[in-house]
């Protein structure tokens with residue numbers, strides 16, 4: 001990565017990282033005396049009980065979708081109340097995607113993801129009825145590095161999948177229930193707290209919005225497709241207007257492709273206000289051979 005500015009304004013704060021590390025050490029120190037297992041310290045650590053309990057908690061947390069759904073649905077309800085969208089429905093139980101949002105005569109399909117550095121980011125399918133297809137990342141882990149997640153999700157995973165599978169994504173939202181909390185302090189609100197928006201019981205900062213190429217990059221026939229503009233992707237434009245975004249909250253994701261001998265290579269370029277802030281090196285798309 002050649003970095004001029006961060007790929008996302010948010011970052012893992014030193015305070016949050018310290019609190020997590022301190023709590024983890026305290027938990028480990030007191031672990032043998034938690035519960036009524038009847039083992040001494042040596043027996044406890046030899047038993048593997050601590051590791052098994054941690055893995056159980058990790059699995060439970062990873063499988064939890066209720067918090068993500070609650071956040072998205074509160075946002076969608078708020079937009080409907082404001083008259084910005086016509087209607088929405090949850091379709092995740094029977095479809096690959098999660099939500100369909102009606103905006104007048106257009107349908108925006110949304111697929112909800114967790115932290116973008118996981119393999120689940122690679123799994124998506126644009127439905128035939130989608131006028132707009134949006135991926136929405138909601139990361140429940142306050143200890144995750146937002147900049148690593150944005151880089152991994154956009155360049156390492158999404159750009160490769162878009163080229164390899166020839167399946168277009170119009171935009172990406174990085175925004176969740178931790179944004180603006182003590183666990184993930186939002187830099188947008190540091191000097192402008194009035195940019196937060198009250199939506200029911202939530203008070204949220206402006207979202208981070210990413211615009212993708214309007215056509216699929218192809219090394220031979222379409223090596224440098226143009227990106228959508230914020231006014232052209234209706235759902236992202238609605239979020240931009242309602243939740244007090246400014247130009248720094250919108251990033252255009254240029255995805256370029258070229259041939260290098262038998263290989264396809266790709267490059268990802270981040271632009272804010274038409275200025276390149278970050279770009280990747282040319283990376284071989286090994287799966288496309």
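Readers should treat all values here as calculations from the given coordinates under stated rules, not as data from a laboratory. Remember, it's a predicted structure, so these values are computed and weren't measured experimentally. Cβ sites come from the backbone with ideal geometry, for glycine too, and all protein chains shown count toward neighbours.
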FRET efficiency for residue 20 and residue 284 from the Cβ-Cβ distance with R0 = 51 Å, rounded to 0.05, comes out at 0.90
For a quick protection proxy, order the peptides 215-222, 32-39, 246-253, 157-164 by their average other-Cβ count within 10 Å, most packed first. 157-164, 246-253, 215-222, 32-39
Using a Förster distance of 45 angstrom, determine the FRET efficiency expected from the C-beta separation of residue 105 and residue 198, and round it to 0.05. 0.90
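Pull out a ≥ b ≥ c, the square roots of the eigenvalues of the alpha-carbon gyration tensor of the stretch 62-193, then state rounded if a/c is under 1.5, prolate if not and a/b is larger than b/c, and oblate in the remaining case.
Oblate.
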Need one word for the stretch 16-61: rounded, prolate or oblate. Basis is the Cα gyration tensor (sqrt eigenvalues a ≥ b ≥ c); a/c below 1.5 gives rounded, then a/b vs b/c decides. oblate
Run the helix sum for the chain: -39,500 (n - 2.57) per DSSP H stretch of 4+ residues, divided by residue count, reported at 222 nm to the nearest 500 deg cm²/dmol. -8000 deg cm²/dmol
Rounded to the nearest 10, the angle in degrees between the Cα long axis of helix 14-30 and the longest principal axis of the Cα atoms of the chain comes to 30
Nearest 5 is fine: what % of DSSP beta bridges in the chain come out antiparallel, could you say? 70
Please sort 174-183, 78-87, 146-155 by packing, taking for each peptide the average over its residues of neighbouring beta carbons within 10 angstrom, highest first. 146-155, 174-183, 78-87
What is the gain in length, in nm to one decimal, between residue 77 and residue 167 on full extension, counting 0.36 nm per residue of separation less the C-alpha to C-alpha distance? 29.5 nm
Residue separation times 0.36 nm, minus the C-alpha to C-alpha distance between residue 221 and residue 36: what's the value? 60.0 nm
For the stretch 1-46 and the stretch 212-228, distance of Cα centres in Å: 42
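How far, in nm, would the chain grow between residue 181 and residue 120 when pulled straight, counting 0.36 nm per residue and subtracting the alpha carbon separation?
Extra length available between residue 181 and residue 120 comes to 19.4 nm.
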For labels at residue 273 and residue 91 in the simple 7 Å Cα→Cβ model, what's the distance in nm? 3.8
Give the angle, between 0 and 90 degrees and rounded to the nearest 10, that separates the Cα long axis of helix 66-81 from the longest principal axis of the Cα atoms of the chain. 40
